[in-house]
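S.K.: Provided herewith is a single structure, encoded as structure tokens, for subsequent inquiry.
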2 protein chains.
Amino acid sequence: MVRKNVARISVPTLRRLPMYHGYLKKAAGQGRAFVSCTHIAAGLHLVPIQVRKDLHSAGIDGKPRVGYEVPVLISSLEKFLGWNNLSKAYLVGAGDLGAALLGYRGFNDQGLDIVATFDNDPRKIGGKIHGKNVYALDKFADLVKRNGVLIGILAVPRGVAQDVAEIMIRARIRAIWNFTSVRLLVPPSIIVQDENLASSLAVLSKRLAQSLQRSPS
Amino acid sequence: MVRKNVARISVPTLRRLPMYHGYLKKAAGQGRAFVSCTHIAAGLHLVPIQVRKDLHSAGIDGKPRVGYEVPVLISSLEKFLGWNNLSKAYLVGAGDLGAALLGYRGFNDQGLDIVATFDNDPRKIGGKIHGKNVYALDKFADLVKRNGVLIGILAVPRGVAQDVAEIMIRARIRAIWNFTSVRLLVPPSIIVQDENLASSLAVLSKRLAQSLQRSPS
């Protein structure tokens with residue numbers, strides 16, 4: 001069901017694929033065997049042609065009249081998204097945000113396993129958060145090497161973000177999921193995925209201001 | 001310094017403006033009086049023409065040879081982003097993620113004041129998190145009305161996301177900042193800003209997989 005030669009996929013399409021997966025898991029739970037793009041679109045408030053195009057970009061095509069077999073479509077999406085290979089990640093920063101990320105139940109289903117946390121706070125080191133060990137930051141490089149971890153999650157205060165990113169890079173982490181609002185300076189070989197709440201808030205505020213101009217409350 | 005007639009600004013530009021603001025606050029703290037696009041670009045690993053265009057889209061132009069006066073540029077950005085008017089928000093969901101959002105120090109500077117939290121858990125109701133009261137969810141509509149709150153932050157488990165969104169909408173919240181991975185069904189007049197970690201993780205994983213194909217670890 002998955003074509004071999006898949007062109008580069010766009011970021012908006014990629015961002016929608018987990019939504020389709022979530023919808024399909026729910027449909028499977030309700031005992032559904034087949035779905036059409038129209039079903040998926042209706043469930044997610046999208047248009048059917050968008051769904052068909054997105055799935056096609058991921059190398060997945062349905063059958064005319066029949067649509068998609070739910071379990072096959074689920075596993076094709078998981079394969080495309082790489083969720084069948086669980087990637088290990090280390091989290092640095094055992095504050096509230098770190099705890100929130102450790103407690104987020106979705107990651108495991110989505111191929112991410114946050115195996116441990118690192119912090120500098122002696123009151124946290126040696127403890128556990130959501131069942132995961134908290135280690136001293138100076139153990140980071142050794143443990144990355146020993147466990148073949150490729151992803152570092154950065155959830156530290158702004159002021160130390162670049163320093164901790166450099167510790168990650170020296171430890172040969174390949175991708176940094178950056179939850180600080182700092183723009184990190186990294187070598188081109190390192191992938192940085194920014195989760196910038198300040199940027200999102202700017203978009204939200206602007207949209208709200210425009211909406212209030214059109215129809216004041 | 002801010003032009004009156006500003007065209008619709010693009011989302012990527014809007015997302016970069018808070019970064020410029022962060023850079024400028026730092027420059028101001030270091031006693032800098034003037035900056036050029038080249039300075040800003042160098043500090044944020046961008047190209048100068050991008051910075052000049054972004055600021056121009058926000059209605060802000062520098063002076064030839066002189067550049068931008070730092071304090072004026074800061075206040076122009078704050079005005080454009082609406083940060084001089086603090087918007088009140090209510091958060092629903094006093095779990096780890098809710099606590100992380102309440103503890104995030106940047107929001108106040110960025111014009112967002114999370115004034116209180118709501119939850120259904122009797123052990124949390126009546127308490128405080130990061131100094132903010134936790135109220136029972138059934139008080140939500142009354143308090144929104146009394147305090148003129150326009151923004152609702154949704155940090156509840158997936159299973160109740162749509163129900164809580166509907167409580168927000170009935171209470172006449174105008175914008176929902178959605179930290180669940182649920183695609184909410186809302187009337188067109190309601191602004192929804194999705195903060196979807198599953199989607200971001202999909203992008204990160206794909207980029208990592210492509211990078212590992214190019215240069216295996």
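S.K.: When the Karplus curve 6.51 cos²θ - 1.76 cosθ + 1.60 is applied with θ = phi - 60°, which whole-Hz ³J(HN,Hα) does each residue of segment A:132-137 get, with x for Gly and Pro?
M.R.: For segment A:132-137, the Karplus-derived couplings read 9, 5, 10, 9, 5, 4 Hz, x marking Gly and Pro.
S.K.: Could I ask something else about it? Give the percent of DSSP beta bridges with both residues in segment A:83-180 that are antiparallel, rounded to the nearest 5. Mind showing how you got there, number by number?
M.R.: Details: 2 of 19 bridges.
So the antiparallel bridges amount to about 10 percent of the total.
S.K.: Through the Karplus equation 6.51 cos²θ - 1.76 cosθ + 1.60, θ set to phi - 60°, convert the phi angles of segment A:40-53 into ³J(HN,Hα) values in whole Hz; use x for Gly and Pro.
M.R.: Ordered by residue, 3J(HN,Hα) equals 4, 4, 5, x, 10, 6, 10, 9, x, 5, 5, 4, 4, 5 Hz.
S.K.: Separate question: Over the whole of B:187-195, what's the average partner chain Cβ count within 10 Å per residue? Rounded to a whole number, please.
M.R.: On the way: counts 0, 0, 3, 1, 9, 2, 7, 3, 5.
If you average over the peptide's residues, the count of other-chain Cβ atoms is 3.
S.K.: Shortest first, in nm, what separates the label point of B:GLU166 from those of the same position in the other copies (7 Å along Cα→Cβ)?
M.R.: In nanometres, ordered from closest: 5.4.
S.K.: Sticking with this structure for a sec: List the distances, in nm to one decimal, from the label point of A:GLN210 to the label points of the same position in every other copy, shortest first, placing each label point 7 Å from Cα along the Cα-to-Cβ direction.
M.R.: For A:GLN210, the inter-copy label distances come out at 2.7 nm.
S.K.: Among B:VAL47, B:VAL70, B:VAL192, whose mean-square fluctuation peaks in a Gaussian network model of chain B (Cα, cutoff 10 Å)?
M.R.: B:VAL47
S.K.: Let me ask something else. Pairs of Cα atoms under 8 Å, at least six residues apart: use those to get the relative contact order of segment B:87-199, whole percent.
M.R.: Working: 210 pairs, mean separation 27.4, N = 113.
Relative CO of segment B:87-199 lands at 24 percent.
S.K.: Averaged over A:146-155, how many beta carbons belonging to a partner chain fall within 10 Å of each residue's beta carbon?
M.R.: Working: counts 0, 0, 1, 0, 4, 4, 0, 1, 0, 1.
Averaged over the peptide's residues, the number is 1.
S.K.: Name the long-range amide H neighbours of B:VAL192: under 5 Å, sequence gap of 5 or more, or other chain; modelled H, no Pro or chain starts.
M.R.: Residues meeting the criterion, in which the H sits 1.01 Å from N, are B:ILE176.
S.K.: Mind giving me the nanometre distance, one decimal, between the label points for B:ALA28 and B:ARG146, set 7 Å out from Cα along Cα→Cβ?
M.R.: 3.5
S.K.: With θ set to phi - 60°, apply the Karplus curve 6.51 cos²θ - 1.76 cosθ + 1.60 along segment A:150-156 and write out the HN-Hα couplings as whole Hz, x wherever there is a Gly or Pro.
M.R.: 10, 10, x, 9, 9, 9, 10
S.K.: A follow-up question, please. Over all residues in B:13-21, what is the mean tally of Cβ atoms on other chains that come within 10 Å of each residue's Cβ? Don't skip to the end; give the middle numbers.
M.R.: Numbers: counts 1, 8, 8, 4, 5, 9, 8, 0, 2.
Across the residues of B:13-21, the mean count of other-chain Cβ atoms within 10 Å is 5.
S.K.: Measure off 7 Å from each Cα along the Cα-to-Cβ vector at B:ASP163 and A:GLN210, then give the distance between these two points in nanometres to one decimal.
M.R.: For the pair B:ASP163/A:GLN210, the computed spacing is 3.4 nm.
S.K.: Return the FRET efficiency for the residue pair B:VAL11, B:ARG105: r is the Cβ-Cβ distance, R0 is 22 Å, and the value is rounded to the nearest 0.05. Could the numbers behind the result be given before it?
M.R.: Details: r = 25 Å, r/R0 = 1.13.
After rounding, the FRET efficiency stands at 0.30.
Read the figures in this text as sums done on the coordinates, not as results from a lab. Please read these numbers as outputs of a predicted model, since none were measured by experiment. When we count neighbours, we look across all protein chains shown, and the Cβ atoms used for this are built from the backbone with ideal geometry, even at glycine.
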